[in-house]
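Report on the structure given below.
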Amino acid sequence: MKSMTGYGRCQLAEDGREMTVEVKSVNHRFLDVSCRLPRHLSFLDDAVRKGVSARVSRGHVDVFVSYVNHRTDAREVRVDTVLATAYQSAVRELSLALGKEESLPLSDYVRLPDVLTVEERDEDQTAVRSLFERALDGALLELSAMREREGEAMRADILEKTANVASIRDGIALRAPLVVEEYRAKLHQRIASLLEGELDEARFATEVALFADRAAIDEELVRLVSHIGQIRATVELAEPVGRKLDFLVQELNREVNTIGSKASDAAIAQAVVQAKGEIEKLREQVQNVE
């Protein structure tokens, strides 16, 4: 089981090229990838999404890429001879206008704006893509390792809280049969104190049966056992389980709410409040599971 939160970084250098990839992930209902690439490396966008989706199934993932080319052929200097000639003509025109013989040395021409420009050469896309894919894979491996470590801690916490819910459920199951018996005794005592003469046993039994039917929570208790067992099995699966866990926790909450609405008993009502507190903690934890 993995958390959706993590960080990974990888830096590789090869043949004068240096690539650094950082990957961060946080909670999200689906897989959402955001990438910041240098403009001249925009051709790598598809490789980013393909690489991330191969290792991450859920979460918002930010990918940051920095790249430096130290190769001697990485840049070239271009000379704008047309612009330099225009500067030369302007200097001559100014000389004639001022009546002064003036010319610029070559070293001054190269300092004039835009006569010399440094431009990045086109990258070898095959070499850059290969370097990037390996750097991305390294960052994603580190990210995955962190998500797995956090996932193990979360798994232990989910199992602990699930055990708490199971314990509360067992307490409710022990209490439930006593509720009908106590209702029977209280109703019998109340009727006996109000009526003189014999008690209508048939009507009394019918009233108790109606109460027992309204207060019956056997089905909810059985379904709670099923949901608890499924949660325990799900957290052991070697696959993304966040959505399934989210559904199971919702079902836990549904059954507990139904028990609370049916059971007319203070002890069960208190147990329901405790169970809902544990389920809410479970829900918050499950929101971070991939």
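The values are calculated or read from the model by the stated rules, or taken from the named source; none is laboratory data. Bear in mind the structure is a predicted one, so any value in this text is a computation, not a measurement. Heads up, the Cβs are rebuilt from the backbone with ideal geometry, glycines too, and the neighbour counts pull from every protein chain shown. Each accessible area value is taken on the protein alone, full model and side chains, heavy atoms only, with ligands, DNA and RNA left out. Shrake-Rupley method; radii C 1.70, N 1.55, O 1.52, S 1.80 Å.
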The listed residue being free of Cβ contacts under 8 Å to residues at least 24 places away in the same chain, polar (S, T, N, Q), farther than 29 Å from ASN288 by Cα and open to solvent by 50 Å² or more (accessible area, probe 1.4 Å), out of SER103, SER95
SER103
Keeping to segment 90-139, report how many residues are at pLDDT below 90, in a helix (DSSP H, G or I) and within 21 Å of HIS70 (Cβ to Cβ).
1
For segment 69-79, check the following and say yes or no: at least one residue is open to solvent by less than 90 Å² (accessible area, probe 1.4 Å), more than 30 Å from ALA238 (Cα to Cα), in contact with a Phe, Trp or Tyr (Cβ under 9 Å, 6 or more places away or on another chain) and of a type in the set (A, V, I, L, M, F, W, C).
no
Residues that are acidic (Asp, Glu) and more than 23 Å from ASP157 (Cα to Cα), drawn from segment 250-280
ASP265
Which residues, counting only those in segment 113-127, are surrounded by 10 or more Cβ atoms within 10 Å (Cβ to Cβ) and out of contact with any Leu (no Cβ under 8 Å at 6 or more places or on another chain)?
LEU116, THR117, GLU120, ARG121, ASP124, GLN125, ALA127
Identify, by number, the condition in (1) more than 12 Å from LEU140 (Cβ to Cβ); (2) in contact with an Asp or Glu (Cβ under 9 Å, 6 or more places away or on another chain) that VAL63 doesn't meet.
(1)
If you take the residues in segment 153-170 that are surrounded by fewer than 16 Cβ atoms within 10 Å (Cβ to Cβ) and not hydroxyl-bearing (Ser, Thr, Tyr), which one is nearest to LYS50 (Cα to Cα)?
ALA153
What number of residues within segment 138-152 are of a type outside the set (Ser, Thr, Tyr) and open to solvent by less than 60 Å² (accessible area, probe 1.4 Å)?
8
Filter result (of a type in the set (Asp, Glu) and assigned to a helix (DSSP H, G or I)) within segment 78-89
none
Counting only residues that are within 24 Å of ARG147 (Cβ to Cβ) and either surrounded by fewer than 17 Cβ atoms within 10 Å (Cβ to Cβ) or of a type outside the set (A, V, I, L, M, F, W, C) (or both), segment 242-279 contains a total of 6
Applying the selection to segment 1-32, what residues are within 20 Å of GLU239 (Cβ to Cβ), in a strand (DSSP E or B) and aliphatic (A, V, I, L, M)?
LEU31
